[in-house]
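Q: What follows is a single structure, and I will ask about it in a moment.
Bear in mind these aren't lab numbers, they're just calculated from the coordinates by the rules spelled out. All figures in this text were calculated on a predicted structure; none of them were measured in a lab. Cβ placement follows ideal geometry from the backbone for every residue including glycine, while neighbour counts extend to all protein chains displayed.
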Amino acid sequence: MSPTEELLRRASDDNNSTDSSSGGVVNNGTVGTPSCALDATVDGQRVYSPDSVPGKECAEALPPVFPFNEVRIRSPDDSLRLTFMPYGASVKEVYVKDREGAWQDVILGFDNATNYGTDTAHNYFGPVVGRYANRIKNGTFELDGKTYKTPLNENNVDTLHGGKEGYDRASWQIKSLNDSSVEFMHTDPDGNQGFPGEVNTTVTYTLERNASWSIRMHATASKKTPLMLSSHVYWNLNPQSFNASSDARPILDHVVHMPYVTKYIKTDGILIPTGETPKVDGTAYDFRQAATLRSKFDQTEGVCGTGCQGWDSCWVEDAGHPQQSPSMEVYSPDSGIKLSITTNQEAWQIYTTAGLNGPTKASIPRKRAHGGDGSLDKIYENYSAMVIEAEDWIDAINNPEWGRNQIYGEGRDYQWEAKYQFSTVDQNGKDM
């Protein structure tokens, strides 16, 4: 057996173990990855050497421990290869084949697993966000005549993704694990971040044949409480575009199709809903026909906040649309990778990363799979990815006129489901 084949065998064996010796490194608590910890690449996918520990060939690297230990699973036909961590129940890598049959990691993140916990920019790379995703105006809401206050962790005026210690910062437990599926669980105590009731949540990630990835979230609450969860992943379906110039804005070349969206939620300069839900007709929000983001980009001045261009916006769908048909499709004409999402949720939040790198954010080193070199010389630039969150209407707990019921507990469980189907298309978006 060759050294490369042995590494693949060990990596495959690691799928059935959560031992801290499998994968990833800690580089003295800093960004980047020591090159000596990456001594093999197979079909474009990096494979960590399990021997990369102190006292051996990579003395400066330490294997990550819980909750930063990596859990790798593959689909039964090896059409998808994903890596997760208990920290935030986060997805760290999504490998899928492009039009030419080459493996591509299509999500942003860190090579150094511990950076997910030390990242001062707190970009929410790949976790479950909650207990209430997106923003809560003024960090307050009323429930049964009582006013609750949640942390003002964005702009010191609103709550973002559940507060300072949301589900993305939690150390989830592994409930079950096999070669193609992992289930995480988390208990959120009564009163945490100001929310009433203890909430017990499970999230199950399952890889299926033909490049299909399903996510199921289930939560129960001991008291009535607002709940809205989502998966917060930064997508770029053409990772080769990371090597373009810093002003290339590569995500804008992705083609987006939202066939069932008819309205959007209007927001103010700090992205808090105003209560208005205008129609998308003739606006920068109209993707009922497939179009590149770039084709509507010039119409988006101020859409993602005061002085911002691009989207950080919530689209809402017609009630009763067919949930078995994809309600969000995105593809890259360059790589040929297409993502089609079906879900039981009725809104989409899309963020085109206008603020990924800037004066108020720390620069993020690119993964080596994205052309990074383990340093801050090669970083993720603005407009290099898009976050796609399937969820309910944002801040509906402060907009009762919308008629959304986001209160759970006392016999009402929370259910979130989505299926991410990958395929390949030609440059015009036709199936191959």
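Each row is one residue, and each column tells you yes or no for (1) β-branched (Val, Ile, Thr); (2) part of a strand (DSSP E or B); (3) crowded, with 24+ Cβ neighbours inside 10 Å.
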{"site": "Phe184", "(1), (2), (3)": "no, yes, yes"}
{"site": "Thr187", "(1), (2), (3)": "yes, yes, no"}
{"site": "Pro196", "(1), (2), (3)": "no, no, no"}
{"site": "Val203", "(1), (2), (3)": "yes, yes, yes"}
{"site": "Lys223", "(1), (2), (3)": "no, no, no"}
{"site": "Leu237", "(1), (2), (3)": "no, no, yes"}
{"site": "Ser245", "(1), (2), (3)": "no, no, no"}
{"site": "Ala248", "(1), (2), (3)": "no, no, no"}
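Q: May I pose another question? Quick one: which residue in Glu208, Glu183 is in contact with a Ser or Thr (Cβ under 8 Å, 6 or more places away or on another chain) and without any contact (Cβ under 8 Å) to a residue 24 or more places away in the chain?
A: Glu183
Q: Suppose we filter the stretch 313-325 for residues that are under 18 Å from the mean Cα position of the chain (by Cα) and either under 23 Å from Asp98 (Cα atoms) or surrounded by fewer than 21 Cβ atoms within 10 Å (Cβ to Cβ) (or both); how many remain?
A: Going through the stretch 313-325 one residue at a time, the tally reaches 0.
Q: Quick one: Thr424 ticks every box in (1) polar (S, T, N, Q); (2) over 25 Å from Thr206 (Cβ atoms); (3) part of a strand (DSSP E or B) except a single one, so which number is it?
A: That leaves (2) as the condition not met.
Q: State yes or no: is Leu143 buried (at least 23 other Cβ atoms within 10 Å of the Cβ), of a type outside the set (Gly, Ala, Ser) and touching a residue at least 40 places away in the same chain (Cβ under 8 Å)?
A: Here the answer is no, as Leu143 does not meet what is asked.
Q: Would the stretch 385-407 turn up any residue that is of a type in the set (Gly, Ala, Ser), surrounded by fewer than 20 Cβ atoms within 10 Å (Cβ to Cβ), closer than 30 Å to Ala290 by Cα and in contact (Cβ under 8 Å) with a residue 60 or more places away in the chain?
A: No.
Q: Right, here's the next one. If the requirement is being aliphatic (A, V, I, L, M), closer than 30 Å to Gly372 by Cα and in contact with a strand residue (DSSP E or B) (Cβ under 8 Å, 6 or more places away or on another chain), which of these qualifies: Val280, Val255?
A: Val255
Q: What residue, among those in the stretch 250-275 that are assigned to a helix (DSSP H, G or I) and among the aliphatic types (A, V, I, L, M), is nearest to Leu293 (Cα to Cα)?
A: Leu252
Q: Could I ask something else about it? Of the residues in the stretch 153-180, how many are within 18 Å of Ser231 (Cα to Cα), free of Cβ contacts under 8 Å to residues at least 40 places away in the same chain and part of a strand (DSSP E or B)?
A: 2
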